[in-house]
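The values are calculated or read from the model by the stated rules, or taken from the named source; none is laboratory data. Just so it is clear, the structure is predicted and the values come from calculations on it, not from any experiment. We place every Cβ from the backbone using ideal geometry, glycine too, and count neighbours over all the protein chains shown.
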Amino acid sequence: MTRVHLKDRDALAMAFATIAVAAGRIVMQEFCSAFAVNAKGDGSPVTQADKLAEHAVVSGLRVLLPGVQIVAEEACSARLETHADEEFVLVDALDGTAEFVARRSDFTVNIALVSNRQPVAGCVFSPASGELYVGGGVARAGLVAKNGNGLPEMKDIFARLRGPSLTAAVSRSHLDEKTEQFLNTQHVGRLLTVGSSIKFCRIAEGKADVYPRFGRTMEWDTAAGHAVLAAAGGSLVTPEGEPLRYGKATAGFANGPFVAWGR
């Protein structure tokens, strides 16, 4: 793979897409098998697909961006990173493992570059549906052919302006009381229930307006979707309206509550 300059955000996002699509093939091979499910120390599920896909992504990133720090979910779970460089890559090679285990289709491969505590280039790939989203200077989406050969032509996508009635993207597995309380303060006309980082992408492509999350998430869960959403004109902020920051190594790369918005 040809190396890409860190400042060329669009080219970098597309390079991430190439890596994510390759990892997605591994994920789907496991998805179609009789895979085993184990539990990590925090009780969350992990499968061989998580590990194999992460190895593929990390191997590709080391060629693409030699010397750049990589913070990947499974490796970080095994040995906690204690610092974050000014520029580093966040990887969740199988976001939505609970959906994967339940044989549902809304799981993703997430890759994002963080610079100055913000995600500036990212890719979200849904292996089961073939949906591919990238965000650098602009946000784009396409549909990868089921045979996985090459990348599709991408079209620009845009978050829509907020109207009088909102469509809220909510988590299938993690809809809690605080999130419901927040939604009750908004003019929500429709709920869109979906797993993984696809929720950010639905806002980025103008199919939803808001995604609140008050439960615990990790930076690798949100960075790629955040990059796509920001490039599409949306935002990801704390409930107080401050930008969500990355590189929180001393907190184990855990996020606090946030709200994702369209325009």
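Tabulated data for the structure shown
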read-out	value
Boolean, Ala128 is hydrophobic (A, V, I, L, M, F, W, C) and in a strand (DSSP E or B)	no
Single residue of Val58, Val27, Val89 found to be within 16 Å of Ala249 (Cβ to Cβ), at pLDDT 95 or above, aliphatic (A, V, I, L, M) and not assigned by TED's automatic domain parsing to the domain that holds Ala230	Val89
Among (1) among the aliphatic types (A, V, I, L, M); (2) in contact with a Lys or Arg (Cβ under 6 Å, 6 or more places away or on another chain); (3) not in a strand (DSSP E or B) - the single one Ala84 does not satisfy	(2)
Test: residue in the range 192-204 that is at pLDDT below 95 and buried (at least 24 other Cβ atoms within 10 Å of the Cβ)	yes
Scope the range 118-175; condition in contact with a helix residue (DSSP H, G or I) (Cβ under 8 Å, 6 or more places away or on another chain), more than 20 Å from Phe100 (Cβ to Cβ) and among the small types (Gly, Ala, Ser); matching residues	Ala121, Gly122, Gly135, Gly136, Gly137, Ala139, Ala141, Ala159, Ala168
Failed item in (1) modelled with pLDDT under 95; (2) part of a helix (DSSP H, G or I); (3) not β-branched (Val, Ile, Thr), with Ala20 passing the rest	(1)
Boolean, Arg160 is closer than 30 Å to Ala11 by Cα and either part of a strand (DSSP E or B) or within 16 Å of the chain's Cα centre (by Cα) (or both)	no
Residue within the range 148-165 that is modelled with pLDDT under 90, within 18 Å of Ala223 (Cα to Cα) and in the same structural domain as Ala13 (by TED's automatic domain parsing) present	no
Test: residue in the range 44-64 that is surrounded by fewer than 17 Cβ atoms within 10 Å (Cβ to Cβ) and either in contact with a Pro (Cβ under 9 Å, 6 or more places away or on another chain) or part of a loop (DSSP other than H, G, I, E, B) (or both)	yes
Residues (of a type in the set (Ser, Thr, Tyr), out of contact with any Lys or Arg (no Cβ under 8 Å at 6 or more places or on another chain) and closer than 24 Å to Ile111 by Cα) located in the range 180-202	Ser196, Ser197
Residue match in the range 137-144 (condition: closer than 24 Å to Ala249 by Cα and buried (at least 24 other Cβ atoms within 10 Å of the Cβ))	no
Matching entry among Ala121, Ala112 (being modelled with pLDDT of 95 or more, in contact with a Lys or Arg (Cβ under 6 Å, 6 or more places away or on another chain), surrounded by 24 or more Cβ atoms within 10 Å (Cβ to Cβ) and part of a strand (DSSP E or B))	Ala121
Of all residues in the range 213-229 being farther than 17 Å from Ser126 by Cα and crowded, with 24+ Cβ neighbours inside 10 Å, the one that is farthest from the chain's Cα centre (by Cα)	Arg213
Qualifying residue in the range 8-16 (condition: in contact with a Phe, Trp or Tyr (Cβ under 7 Å, 6 or more places away or on another chain) and within 24 Å of Val228 (Cβ to Cβ))	no
